[in-house]
Every structure is written in structure tokens, then in C-alpha cells.
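These notes concern the structure reproduced below.
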Amino acid sequence: MKDKINTMDRGILFMLFASLSFAIMGGFAKVVSQTLPPVEVTFFRNVFGVVLVGLSIYKIPLKQIGGKPFLLLFRGSMGFAALLAYFYIMAYIPLGEAVTYNKTSPIFVAIFAYIFLGEKLPKSALIAVVLGFAGIVLVAKPEGLSFDKYDLLGIFSGLGAALAYTSIRELKKYYDTRSIVMSFMGVGTLAPLVLMLISPYIDAPQELDFMFADFVMPQKIEWIYVVAVGVFATVSQLLMTKAYELTKAGIVGTISYSNIVFATFIGMMLGDPIPDFWTVLGIILVILSGLLVAMPKK
């Protein structure tokens, strides 16, 4: 029992550090997305990770049995699509709001883990899901019942990420952590490259501008920003993947809501408005939802 508690505590700690690193990455990504297209930022976010993880694999060979290539590809593809949507909305709306949309993923993770992995969630966890959604609504403050382009892409960024995260629970039985991370970063490097190469030859509608854009060569300080995005992203990915391996998907997913808090403060440092009362209340609700999920695990 004590070992289980220690394992859960380490999983939560890994997720907290991953959330902070993700928020820092988001700050750099938001700044550089003002001058570089989101699909290009997605490319740089992953290409440095491919190099770093590749070197790790070269120095320490993988220890795995494999056997789930399509699930591995699914994890990478869904992660890339969700990240592309995330970086796109980040360029147009406040960082805290963009992260809030993306942080719908832990709610979906808890639901998917229950549906697909058979993980049992107590009634308190169901209440936590409701509180989490309520907190997200308070932070995002949607107007009316209609969803605009940013709303839809924001929700997809959370839904797609949740599918990718949930698949980690199954993949960890067959693959080394670095293989799982590489599946995401590999797809996240090749897919943007292909999209940018074919962009000049495609007359894509305005609605798909988040997918197709010409490559823009980074200038001076922009190189520092894209390198920082790649480095912090790689560290975040490794920490997050390890967290999901150590602890139940529902618990780790909910703890990752702390990313909203970190991103809100970083966004304020970048010029975002100070959160009002309702935003603060929303943050409190999502933190409370995380506690409700974790507390029943004795």
C-alpha cells in the first residue's frame, strides 16, 4: 500500500513539473507565433525533441517488446493534430484562455479511461469532472451557445490530446517511454514539414489557414524562441509521459489543470489582462476537481 502511495505521489509531482514546463513553452510559443505561422512553430516544437530523444535512444538502447505500431501511430497523429490546433488559437487569444481550452483534455481523459481502459471512478470523481467543466467555463467565459473557429479548435485540442494521452496507458505495456514520446514528436515534425512544402501549391480556404502556411525563416531572437519552445516541450513531454505511467490517467489528467494557473501568470507577464473574479473562481474550481479525484485513492 505504501508503495502505491509513493508511486501516486511521484506521478502527481511529475505532472506538476510537466505543467510548469508546458506553460513556459506556451509563453515562448505565443510570442513567436506573432511572426511565424503556427504550423511552423509546431515543427520547431518537435524537431528539437526528435534530436534530443534520438540521442538518448542512441546512448541507451530501447527496452521494449513492441507489437502495437498502429496504436503508436494513432498516439502520434492525435497528439500532433491537437498541438497544431492549440498553437493556432494561442496566437490569437490570451495564453490563459488557450490553455483552458486545451485543459479540457484531463476531463476527456478521465472519461476515456473509464470507457476504454475500465478504470473505475468514484462518485466524487464524477463531481470533480462537473466542477472541472464549470471552472473551464468560468475561465473561458463563452458568449452565448454558438462556437466560433477558436472555440471549435480549442475544444478539439483538448479532445485530441485526451485520446493521445489515454493511449499512453496501453502503450506503456509494450514500448519504452522514449518510443512513445518519439511517436508524437516524429509525426509532429514530418507532418508540418509536408504541410509547409505543399502549401504553395494548394489554394486552401481561409478556414484551413491553421494547417497550410508557407515557411518563414526565423530572424535573430526568433531562433532563441523556437529553440526554447523545442527544449521545454521535450522536457514537458517526458515528464508527462512518466506521470501517466506511474499514476491513474484520471488522477494525472486532473492534476495537469495546474497548467492553467502557471499559464495565466506567464500570460500576465506577456501582457495579458489580470484575471477577474470569475476567472479566479474558475481556477479554484479546477484545482478542487483535481483534489476530489486524488483524495479517494487511499
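The values are calculated or read from the model by the stated rules, or taken from the named source; none is laboratory data. Here the structure is a predicted model, which is why all the values come from computation and not from measurement. As a convention, Cβ positions derive from the backbone with ideal geometry for all residues, glycine included, and neighbour counts pool all protein chains shown.
Based on this model, can you work out whether residue 21 counts as of a type in the set (Ser, Thr, Tyr), part of a helix (DSSP H, G or I), under 20 Å from the mean Cα position of the chain (by Cα) and within 18 Å of residue 230 (Cβ to Cβ)?
Judged against the criteria, residue 21 is a match.
Among what's in segment 24-48 and is within 14 Å of the chain's Cα centre (by Cα) and of a type in the set (A, V, I, L, M), pick the residue that is nearest to residue 268 (Cα to Cα).
By that ranking, first place goes to 24.
Taking segment 243-268 on its own, how many of its residues are surrounded by 22 or more Cβ atoms within 10 Å (Cβ to Cβ) and of a type outside the set (Gly, Ala, Ser)?
Qualifying residue count for the region: 11.
Condition first: modelled with pLDDT under 80 and part of a loop (DSSP other than H, G, I, E, B). Can you find one or more residues in segment 67-89 that meet it?
No, because not a single residue in segment 67-89 is modelled with pLDDT under 80 and part of a loop (DSSP other than H, G, I, E, B).
Just one of 207, 222 is over 18 Å from residue 23 (Cβ atoms), in contact (Cβ under 8 Å) with a residue 60 or more places away in the chain and outside any loop (DSSP other than H, G, I, E, B); which is it?
222 is the lone residue from the list that is over 18 Å from residue 23 (Cβ atoms), in contact (Cβ under 8 Å) with a residue 60 or more places away in the chain and outside any loop (DSSP other than H, G, I, E, B).
Can you tell which of 198, 251 is under 24 Å from residue 74 (Cα atoms), β-branched (Val, Ile, Thr) and touching a residue at least 24 places away in the same chain (Cβ under 8 Å)?
Selected residue: 251, the only one of 198, 251 that is under 24 Å from residue 74 (Cα atoms), β-branched (Val, Ile, Thr) and touching a residue at least 24 places away in the same chain (Cβ under 8 Å).
Suppose we filter 12, 57 for residues that are among the β-branched types (Val, Ile, Thr), within 25 Å of residue 172 (Cβ to Cβ) and over 21 Å from the mean Cα position of the chain (by Cα); which single one remains?
57
State all residues of segment 53-66 that are part of a helix (DSSP H, G or I), touching a residue at least 24 places away in the same chain (Cβ under 8 Å), surrounded by fewer than 16 Cβ atoms within 10 Å (Cβ to Cβ) and of a type in the set (A, V, I, L, M); if no residue qualifies, say none.
The one that is part of a helix (DSSP H, G or I), touching a residue at least 24 places away in the same chain (Cβ under 8 Å), surrounded by fewer than 16 Cβ atoms within 10 Å (Cβ to Cβ) and of a type in the set (A, V, I, L, M): 57.
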